[in-house]
1. Any chance you could run the full-extension gain for HIS435 through THR310? It's 0.36 nm times the residue separation minus the Cα-Cα distance, nm to one decimal.
2. Give the long-range amide H neighbours of ARG375: residues separated by 5 or more places, or on another chain, with amide H under 5 Å away, using H modelled in the peptide plane at 1.01 Å from N.
3. Once phi is turned into θ = phi - 60°, what whole-Hz ³J(HN,Hα) does the Karplus curve with 6.51, -1.76 and 1.60 give for every residue of region 75-91, x standing for Gly and Pro?
4. What length, rounded to one decimal in nm, is gained on full extension from ARG421 through to ARG447, with 0.36 nm per residue of separation minus their alpha-carbon distance?
5. Over the Cα atoms of region 196-280, what is the Rg over Rh ratio if Rh follows Kirkwood?
6. Which cross-chain or sequence-distant (5 or more) residues have an amide H under 5 Å from the amide H of ARG251, H modelled 1.01 Å from N in plane?
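None of the figures in this text is laboratory data; all of them are computed from the coordinates on show. Source: prediction; values computed, not measured.
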Amino acid sequence: MADNLIQKKGESTWYVRLAVPADVRAAMGGKAVLIRSLKTGLRGEALERRLAILAEWKAAIAQARDRRANRGDAWKDPLQAAAQDLAQRVREMKIAAVLGEKDESKPAPFALKSPFKTYQKRIPELESRQEEADRVIAMTGIDGELAKIGFENELASAILIKRLGKLHELSPAEQAEAQLILNDPKAHNPKSPVTAARLKTYREFRESRGGAPKHVDQQVGKMERLSAFLKKEELPLNFDTIDAWLKSLDRAPATLSQYLMAGTAFWKWAMKYDAAWREEYKDKVNPFLGHDLPQGGGSETAGQDREIYTSADTSKLQNAALDNNDKPLADLITLGWYTGARIEELCQLSKDSVINVDGIKCFDFPKSKSKASKRVVPIHPSLLSTVDRLARDTTDTFLIPTTSHDHYGKRSHAISKAFGRLRTLAGFSKLHVFHSFRHTVVTELIRADVPDALAKELVGHETGSVTHDIYSKGASTKQKLKAISKLPTLTSV
């Protein structure tokens, strides 16, 4: 049969036949042998027709092997997590049975309506246990309950292996390894305990608690980088490895502190909501605490105070934007000078954001970064004509037109990049950022003897005073207009 041709008993038709290698049988529908009729009784024609079919089959086998090679052992981590969860549920059920308790909020892995009869056809290997299964199902009392729980566990494991084998195209050897992991979750030691399955659950938890998408992405991303480091270096999770990881990042101390906070947030979640993690690290301290952060590294401006813009600097930036035919950017710079608002706050301003309070035209800033960011600020007299023009010319209600926004819905993404390029071309340092206008406005207000609490109210900062932040309704619109009007007027461009 070197030519892969066979004839069935009593037939003259030729068939092409190919044995499927054991490692890809799951991917080939569980078949050990592939057979197809060549629809001819002539051997010469059969030899010719078989070639295309054999090529098709061999290509499918090669593709299946590629898929298995690419997925590697990725199936083991979620299987281990499932095995640990199943083992925990079985333990709880047995304890409840012994104590005569029943927690309706934690149902059994599978219902007890003769489960072996229900799944016997789909899982033939259980057929040999049918007689014993029937006996156990008929048992009563504590022994019967415990036996039923044991059979349920066996059934759940068998179904899980069957589904996993089909989903990941596991070879017989891999299915045997999967069974070992189900029997003893400790049989598989992930290269990193911060597994993809855990991070998925952690993300879902954070999102369910109202976490901002960008913040959640950042927190999960930091843990993904830690996991990659532990896998690459083949290190366990402990204080020393976290210290080594921090040093490998070569970031500024403030940034490293954010990584540690992300790690602590994940650790606290896992210790509270992940039973397997809680068991594994029950006698361990949080490895993200107590680090003396390495100095240096990070960007050349890390730790340095941002520069402020003078009126001359601002006029220079406006002119540079206009020379570049970027009127929206020039208008954004003007708004930044006269408000000290965050760049995204300014990009979110629309016609509806311009309101009248006590006969004074104001910006109604919605809540963004903090509770104090929601505020009503009078429009500087020198800014009124610009705001009127922007409101009149807008095509989408927003005062500042932008060409795109990022996947978090921020409208300032593209124009922020444009400002960075403009600043550099205009000869300003990296310490001059758009946020510097915020520093500029606060500085100018203080120098104009505007009270600290009022200055913070205008730019959307908490004052730190319980009396003011909790009980006070803040300054009047007239008082705020008088204060904001003290900002110097720019030379027209």
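1. Here the segment from HIS435 to THR310 would lengthen by 43.6 nm.
2. Here the answer is PHE365, since their amide H atoms fall under 5 Å of that of ARG375.
3. Working through the residues one at a time gives 6, 6, 4, x, 5, 4, 4, 5, 5, 5, 5, 5, 4, 5, 5, 5, 4 Hz.
4. 6.3 nm
5. Numbers: Rg = 12.9 Å, Rh = 13.5 Å.
Here Rg/Rh amounts to 0.96.
6. When sequence neighbours closer than 5 places are left aside, the close amide H contacts are GLY298.
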